[in-house]
Each structure stands twice: as C-alpha cells, then as structure tokens.
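For reference, the structure is listed below as structure tokens.
The values are calculated or read from the model by the stated rules, or taken from the named source; none is laboratory data. This structure is a prediction, so every number in the text was calculated from the model and none was measured. Here the Cβ positions follow ideal geometry from the backbone for every residue, glycine too, while neighbour counts run over all protein chains shown. Note: accessible area is taken over every heavy atom of the protein model, side chains too, but ligands, DNA and RNA are not part of it. Shrake-Rupley method; radii C 1.70, N 1.55, O 1.52, S 1.80 Å.
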Amino acid sequence: MAQIFGIHIPFTQIDNASKTLPKEVDTRSHIAPIQAQIYRTSQDIGKWRTALTAAENVNNPQRYWLYQTYNDVILDAHTTACIQQRKNLTLSRNFVVLNKDKSENEQLSEMLESQWFRDFLDLSLDSMFWGYSLIQFDSLVNDNFNEVNLVPRQFVKPEFSIVTKNWGDTVGINYKEAPYNEFCIGVGKPRDLGLLNKVAPLVIWKKNALSAWAQHQEIFGSPIRIGKTSSRDKKTTDNMDNMLKNMGVAAWGRFDTSDIIELIESNKADAYMVFDMMIERCNSEIAKLILGQTGTTAEKSFVGSAEVHERILKQYGENDEHFIENVLNYQLIPMLEGLGIKFNGAKIETEEDDELGLVERSKIDLELLKYFEIDPEYITKTYGTPVVKKVVPVDNGVQSVKNKLEEFYK
C-alpha cells in the first residue's frame, strides 16, 4: 500500500493500460502531500548537462537530477533575492472578484483574503522558476481550504499527467482524472523546465569563482610561516612544529635549511578583481534573466537608467499578472465551481492601483470644486476626513437689494 494524495491505493492494481480507482475513494476526506527528500550533492556543469539531458528525454523524462541542481541553485542569495522580487510584484497586489457587470462581488472577494489563496498564488508563481507545478488542495470547510500543498515534483510526470510511487517509475495515477482532478491543479506547461534551468550554470560558475577566491585568500591573504632547521632531533622539530601551528590560522611548514620555497603570485594589486568581476557578471546575468534588468538590484544606478529599468520590471509584473489571472479564471474557478462555490460568470482580477497620489488628487479636486459639487462620501473615502455638506443660507432677495443700495451711496 502507498499514499498518493493521502489515499491508500495498491500499486499492483495500476498499470499502463488501466488506471481505474476504487469507487469508495473520497479525496475530500483527507489529502496530504507525499513526504520525500531530494538529496543534496555538489554540482558542476557536467552534472547539470547530464541532468538536463535526462529531463528532456522524450520517451522517459526524469527530472530528479535536475531538481537536485535546482535545490543547490536556490541557496544562492542573489538568485533568491531576484526570485522574491519578481514574485512580490504579484503577491503584493490585491485580488477581487468582479461580476459580469464589473461590480465587485464582496462575498467572493473576501474568500481571496484567506491564507490558502495566498499560498496558491505563491506556488503558482514558483512554476515560472521550477517548471510545471502540481498543486493539491486539502479539505474544503466553509468555503475555505485547510491547506494548499505542492506535490513533490520528483514524483510528477507532467508529460504523461501521472504521479508515480517512486521518482524513477513510468507508471502512476492520472491526476487529471476523477477524483484527483477535483482537488488538483497543474500550473505551467508540461515540458517547461523553468528559469532555474538557465540560472543553474551561472550560479555554478559563480560558486566556482567564490571557491577559488576563498582559496586565493587562504593562501595569499595571510603570510605563510616557514621554519627552517638542520636539526634531526625529533624533540627539536616537534617544538618548532607546535610553535608554528599555534601562531595562527595561516599556512605553515618546516623545511631543511637547504630547501627552497617559492610562492608565485600575480604582481598586480587588483588580482582579486579576476574573481570579483566574474561574480558580478554572473549576478548581473541572473538579474537580467529573472527581472529583465539590473537597475533594481545594483548598488549604483543613475536616475535616468533606473527609471527605464523600473519600467521594464513593471512590464514583467504586468505579464505575471496576466499569467496568474489566467490560472485563477480558467483553472481555479472551474475547480471551485465543481466543489459548489458558484461564480456565475464572475472573474478574478487584480485590483487597480490608484496611480495618482493624494497630493495630486487633492489639486484636481480643488479645481473641480470651483465648478461642481463633490459628494462628501467621496471626500471621506479618498482622504479619510469625515465631512458634511456645507449649509448655504437662502437669499430671499433682501441681501442683494441691500448690497446694491450700499454700492449706490458709496
């Protein structure tokens, strides 16, 4: 017996020709992710290429080794920061449910403030970097899911729409068939390997440069202590060894007085730039790959170019919003309606931002007040200031006559 999505099914009953599920299976009782670990190993370009070849195999694609590489890649601080910056463009937005007439459905919009919805957005955005992601939902209680989890990627074969018992298997359960499709959503294209596939060689080269720089610092950063003696007495040599060893963390050695030790180092004062520039170049390429530019991650950026970079980043964010809205409207909503939550043609959209600040808007409103009356409710809602309509005394004609007489006798 094995556990797939929290359902115990004998794998001996599953074969290529038939994927029939027991009638008594009810996914709504409990759904749990498969617990498994992808073991971390040191990565190099050769391993990445081998893993990529295995993942792109047409007949028997295996992504396990590629996910090993990805697990190592996301430990890079710069890559993590770029990914989070890209995701925050969408995660920081508010989502609302709009009816066919574009009015807000407040009841359904309130559901989008739940933790499960934010988790679903986060996992859906991960598909851009990791590739195809299969997301499963826990039990539905009062229009809310207890949890939203990712099915471990190594068991998912998106090319064949199956989840396998072991990561190397080619036979499994079709998650697009009932009852699994009632609680599972696959986000992304089946053969997409994600942006981390292109980031991987850059991170590997960067880590190699950091490693070489650390080694350079270890050798040349501290002076090497050399002890020379012609004595063959063990007590004397041991005393010298202990002295050299305890003087600090730098390298040391004991040699004969006739031995010649020569350390050849570049005579350039900026030799470290070889490593530093390599790291900077890798970082800039990673930023351009994930964010489309480098201005929002670089320490130094001119105002003009920074504005251009910011506009490019905004375009990336708008493209991600379209991607997420398609997932929400054409995958999440049909699943929710199948569970009894009716949208009746309503759509999920990102809430429009007010591009005008309060200062700019107040100037426009002051000009409008010269010619029009503004609803007090608008003032309260926009500026947060409670106001009431000003009462203007009724002129019965006496005041105007008085004013004319005063003008006449002046």
Accessible area, probe 1.4 Å, largest first, for residues THR297, THR90, THR53: THR53, THR297, THR90
Once phi is turned into θ = phi - 60°, what whole-Hz ³J(HN,Hα) does the Karplus curve with 6.51, -1.76 and 1.60 give for every residue of the stretch 91-97, x standing for Gly and Pro? 5, 7, 7, 9, 10, 10, 9
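How big is the charge dipole of the stretch 78-160 about its Cα centre, in debye rounded to the nearest 20, if each Lys and Arg gets +1 on its Cβ and each Asp and Glu gets -1 on its Cβ?
Working: 8 positive and 12 negative charges, 95 e Å.
In debye, rounded to 20, the stretch 78-160 gives about 460.
Too long at a 22 Å Cα-Cα cut-off: which of LYS288/LYS347; LYS102/LYS189; LYS206/LYS288; LYS207/LYS288?
Values: LYS288/LYS347 33 Å; LYS102/LYS189 30 Å; LYS206/LYS288 15 Å; LYS207/LYS288 19 Å.
Pairs exceeding 22 Å: LYS288/LYS347; LYS102/LYS189.
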In nanometres, what is the gap between the two model label sites at ASN403 and ASN329, each 7 Å from Cα along Cα-to-Cβ? 5.5
Contour minus Cα-Cα distance for THR382 and LYS370 (0.36 nm per residue): 2.4 nm
Mind giving me the FRET efficiency for GLN217 and ASP44? R0 is 25 Å, r the Cβ-Cβ distance, nearest 0.05 is fine. 0.70
What accessible surface, in Å², does a 1.4 Å probe find on TRP205, ignoring ligands, DNA and RNA and rounding to the nearest 10? 110
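How far, in nm, would the chain grow between THR170 and SER230 when pulled straight, counting 0.36 nm per residue and subtracting the alpha carbon separation? Kindly include the intermediate steps, with their values, before the conclusion.
Details: separation 60, 0.36 × 60 = 21.60 nm, distance 6.90 nm.
In short, 14.7 nm is gained.
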Looking at GLN215, ALA178, LEU202, which one has the Cα that reaches farthest to the positive end of the dipole of the stretch 137-216 (charges on Cβ: Lys, Arg +1; Asp, Glu -1)? GLN215
So how exposed is TYR330, as accessible area in Å² (1.4 Å probe, rounded to 10)? 150
Cα pairs beyond 23 Å in the stretch 111-208, in percent, come to 34
Placing +1 on the Cβ of each Lys and Arg and -1 on the Cβ of each Asp and Glu in the stretch 48-129, which of TYR70, LEU123, ALA55 has its Cα farthest towards the positive end of the resulting dipole? ALA55
Accessible area in square angstrom per residue, the stretch 84-235, 1.4 angstrom probe: 48
Taking the full set of protein chains and a 1.4 angstrom probe, give the accessible area of VAL156 in square angstrom, rounded to the nearest 10. 10
